[in-house]
Amino acid sequence: MGRVHIDFAGSARSRLGIEWEIACVDRRSGELTAAAPELLSKIGAVEGFPHVTNELLTNTLEIVSAPHHRVRDAVADLTGLVERVAGFAEPMGVDLISSGTHPFSQWFQQQVTPDKPRYATLIDRTRWWGRQMMIWGVHVHVAVEDRRKVFPIIDGLLTYLPHFQALSASSPFWSGENTGYASNRALMFQQLPTAGLPPQFTDWAQYEAMVADLKHIGVIEDLTELRWDIRPSPKWGTIEVRTFDGIPTTREIGAIAALTQCLAEHLSAELDAGREVPTMQPWYVRENKWRSARYGMDAIIIRNSAGDERLVTEDLGELLPALAPIADALGCAVELEQVRDIITGGASYQRQLRVAADNDGSLKAVVSSLVRELREG
């Protein structure tokens, strides 16, 4: 089929941006509510970054930072915007939460955002599975200065996908049931035909050839329809890590964004030094994704192509000091260190399960706790 030519925008190395998906819930019932269109009309259109925009469902807003060199500045954008949204939401009787799934609302009661052809096409093609996408995530973009580095870095980051997923896991409940998974969202999202783990390409030309194939047979019209867990974002000159469940607090977003930025910079520096970035067999990567979705912070993960295994929290404990010099250089040492708070205090899925257990299984209490966490940051 040949190739399509895909330009990769010039960008300042390791600069980052963060996208945070927020769900609107009714203050009295805790149920999802279709408040996003009204909230967006009150906020008004904003040109450029940072901004607030719509998403697939009318219960969802996406809050997007400007690009920044320092994590704290991107988090400050998110904090300011979510406070602004909350100011408009308050008199409407609407609260805001972020988690991978809503604990008890039903997918068939949610409305797809109207007058958006790409959403209409998605739902028309994916039907039942597309309508199930009552899920929320956080996306972290990290800029790469040379497109030749993009796929080696993505392949390297795939070895850390279980770390990302365990730290951010926040979807233990689905439609009122305890799923037994730390991240039910991770496994639901990959049911879409162009979602899930990315192919492990060795170079940019393979990516261009695959895009040409998919456009030829009508699977995609646009690159953004490739909804991989980690993907190139050629328009912005970034690698976009989309592994994360919805994250309830800006403090946790900062910690996880710092880990992402430091790992991308570490892998970039390895390439500069002429060293090969360690990768793993696709079947190990796939198994790691399942283990971290199922067991979260208790996952025993595969660490390398030799098949060595260890507890994900132990691996993080060793990884953080190794990344500390990079965090110092990038100005995110404080945020990176806050990863330890998630390890000791529990990820969101663990906190949600604890709240339910302490409240006779009440999932409304879980929603209330998510509201409080987002409000308090």
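The values are calculated or read from the model by the stated rules, or taken from the named source; none is laboratory data. Please read these numbers as outputs of a predicted model, since none were measured by experiment. A quick note on method: Cβ atoms are made from the backbone with ideal geometry, for glycine too, and the neighbour counts reach across all protein chains shown. SASA here: full protein model, heavy atoms, side chains in, ligands and nucleic acids out. Shrake-Rupley method; radii C 1.70, N 1.55, O 1.52, S 1.80 Å.
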Members of region 135-149 found to be in a helix (DSSP H, G or I) and without any contact (Cβ under 8 Å) to a residue 60 or more places away in the chain, listed by number: R148
Sole exception among (1) under 27 Å from S369 (Cβ atoms); (2) acidic (D, E); (3) out of contact with any strand residue (DSSP E or B) (no Cβ under 9 Å at 6 or more places or on another chain) for D115, by number: (1)
Odd one out for L56, checked against (1) at pLDDT 95 or above; (2) more than 16 Å from M92 (Cβ to Cβ); (3) surrounded by 20 or more Cβ atoms within 10 Å (Cβ to Cβ); (4) among the aliphatic types (A, V, I, L, M): (1)
Search result, residues across region 215-244 that are on the phi > 0 side of the Ramachandran plot and loosely packed, with under 14 Cβ neighbours inside 10 Å: G218
Test: P152 is crowded, with 24+ Cβ neighbours inside 10 Å, touching a residue at least 12 places away in the same chain (Cβ under 8 Å) and not β-branched (V, I, T): no
A23 being of a type in the set (A, V, I, L, M) and closer than 30 Å to A333 by Cβ: no
Odd one out for L167, checked against (1) within 20 Å of A347 (Cα to Cα); (2) surrounded by fewer than 20 Cβ atoms within 10 Å (Cβ to Cβ); (3) in contact with a helix residue (DSSP H, G or I) (Cβ under 8 Å, 6 or more places away or on another chain): (2)
Given (1) modelled with pLDDT of 95 or more; (2) open to solvent by 50 Å² or more (accessible area, probe 1.4 Å); (3) in contact with a helix residue (DSSP H, G or I) (Cβ under 7 Å, 6 or more places away or on another chain), index of the condition R3 fails: (1)
Filter result for V339 (in contact (Cβ under 8 Å) with a residue 40 or more places away in the chain, out of contact with any helix residue (DSSP H, G or I) (no Cβ under 9 Å at 6 or more places or on another chain) and closer than 21 Å to F244 by Cα): no
Condition check for L316: surrounded by 13 or more Cβ atoms within 10 Å (Cβ to Cβ), within 18 Å of V142 (Cβ to Cβ) and touching a residue at least 24 places away in the same chain (Cβ under 8 Å): no
Selected residue (criterion: farthest from G156 (Cα to Cα)) from residues of region 207-223 that are in a helix (DSSP H, G or I) and without any contact (Cβ under 8 Å) to a residue 40 or more places away in the chain: L214
Where a residue in region 351-365 is of a type in the set (S, T, Y) and its partner, wherever it lies, is open to solvent by 40 Å² or more (accessible area, probe 1.4 Å), with Cβ under 9 Å and at least six apart: S362/S368
Every residue from region 100-121 that is outside any helix (DSSP H, G or I) and either among the basic types (K, R) or in contact with a Cys (Cβ under 9 Å, 6 or more places away or on another chain) (or both): K116
Single match in E47, E19, E38 (criterion: more than 18 Å from the chain's Cα centre (by Cα), within 23 Å of A143 (Cα to Cα) and either modelled with pLDDT under 95 or of a type outside the set (G, A, S) (or both)): E47
Segments classed as strands (runs of 3 or more DSSP E), wholly inside region 2-66, with at least 2 members that are among the aliphatic types (A, V, I, L, M): 16-26, 60-64
Test result for V211, crowded, with 17+ Cβ neighbours inside 10 Å, β-branched (V, I, T) and at negative phi: yes
Where a residue in region 59-80 is open to solvent by 10 Å² or more (accessible area, probe 1.4 Å) and its partner, wherever it lies, is of a type in the set (K, R), with Cβ under 7 Å and at least six apart: P67/R15; H68/R15; H69/R15
Members of region 292-301 that are surrounded by 21 or more Cβ atoms within 10 Å (Cβ to Cβ) and either on the phi < 0 side of the Ramachandran plot or aliphatic (A, V, I, L, M) (or both): S292, A293, A299, I301
Selection count where residues are among the acidic types (D, E) and either within 12 Å of Y181 (Cα to Cα) or outside any helix (DSSP H, G or I) (or both), scope region 283-298: 1
Qualifying residue in region 122-134 (condition: assigned to a helix (DSSP H, G or I), touching a residue at least 40 places away in the same chain (Cβ under 8 Å) and open to solvent by less than 10 Å² (accessible area, probe 1.4 Å)): yes
